[in-house]
Amino acid sequence: MQLNLKKPLAFFDLETTGVNVASDRIVEIAILKVYPDGRIEKRPDPDTGPPRLLINPTIPIPLESSLIHGIYDEDVKDAPTFEEISSKLFKFLFDCDLAGFNSNKFDVPILAEEFLRCGIDFSVEDRNLVDVQNIFHLMEQRTLKAGYKFYCGKDMENAHEAMADVEATFDVFKAQLEKYRETEIEDKQGQKYVPIVNDMDKLHEVSQRHKNVDMLGRIIYNEKGEKVFNFGKHKGKTVQSVLKSEPGYYGWMINGDFPLYTKKVLRDIREEMMSKKK
């Protein structure tokens, strides 16, 4: 199927040292970039480069993580660090919409976090984020391996090897578009609609669990379009009202164990408040 794209769509998958966005690091990345004309480009390039793009995380890889993805400290000791590849990677993903499996909740936030550590603002503000897992759960409510079997009718080989995962995600995505192109579902208000269409703007919308301001949904938009906290004692309150009534909350978050992107969003909101005050 020819995807209806306005700009390139980059399917990507990460293997990491763990699942903490704020502190864990990438050890492998694979990207399949689809252009509006249907052309496909991969990183790593199977024709010109190594079979896997391994990354030295600069921290030890826990054994429990290595047992999942099969990448050990010895495998990455001579690999480039993320900082060493960050410039080329940023250019490759420039002006791309992003897609993956559970990517909105994990892969996109941790990728943005790695870029921020290198001083690169990898903004997702003008990108569509298409999460194949969210589409899967919306329409069938299940892992990538199960999804591949369900949609493609085949057993998935080499699971947790990044390129195998990203290629399977691409195949599942195309199969989803075919399977659900005229399928109606009912929303919470009882209105029937067809959510899965070959349009990345629409798929971006159905891929979102909340309308997030930051990557992990610590700050989200409410129904009025206001930026509100989505956790802790101030959950549901607007960020501006909290920063006015309890200024110390800002310092607690900035100095706390929150992702850099969340802190960046918080700083932007505070700076906007200060400029309006002036």
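Peptides 100-112, 154-166, 186-198: what's the order by average Cβ count within 10 Å, highest mean first?
Final packing ranking: 100-112, 154-166, 186-198.
Shape analysis of the chain places it in the oblate category; the axes a ≥ b ≥ c from the Cα gyration tensor give an a/c of at least 1.5, with a/b not above b/c. When the square roots of the Cα gyration tensor eigenvalues are ordered a ≥ b ≥ c, the ratio a/c for segment 115-273 is 1.5 or more and a/b exceeds b/c, which makes its shape prolate.
Under the convention that each Lys and Arg Cβ holds +1 and each Asp and Glu Cβ holds -1, the size of the dipole of the chain around its Cα centre is about 1400 debye.
A protection proxy built from the mean count of other Cβ atoms within 10 Å ranks the segments 244-251, 146-153, most packed first, as 146-153, 244-251. In this simple spin-label approximation, Lys6 and Lys211 carry label points 7 Å from Cα along the Cα→Cβ vector, and these lie 1.7 nm apart. The relative contact order of segment 219-277 comes to 21 percent, based on Cα pairs under 8 Å that sit 6 or more residues apart.
With a ≥ b ≥ c taken as the square roots of the eigenvalues of the C-alpha gyration tensor of segment 219-277, please select rounded if a/c is under 1.5 and otherwise prolate if a/b is larger than b/c or oblate if it is not? Cα axes put segment 219-277 in the rounded bin.
Straight-line reach from Lys42: taking Cα to Cα under 22 Å and skipping same-chain neighbours fewer than 8 places apart, the lysines in range are Lys6, Lys7, Lys33, Lys88, Lys91, Lys145, Lys174.
Rule-based calculations on the coordinates, nothing more; no lab input. Note that the structure is predicted; figures quoted are calculated from it, not measured. Note that we place each Cβ from the backbone using ideal geometry, even for glycine, and neighbour counts take in every protein chain shown.
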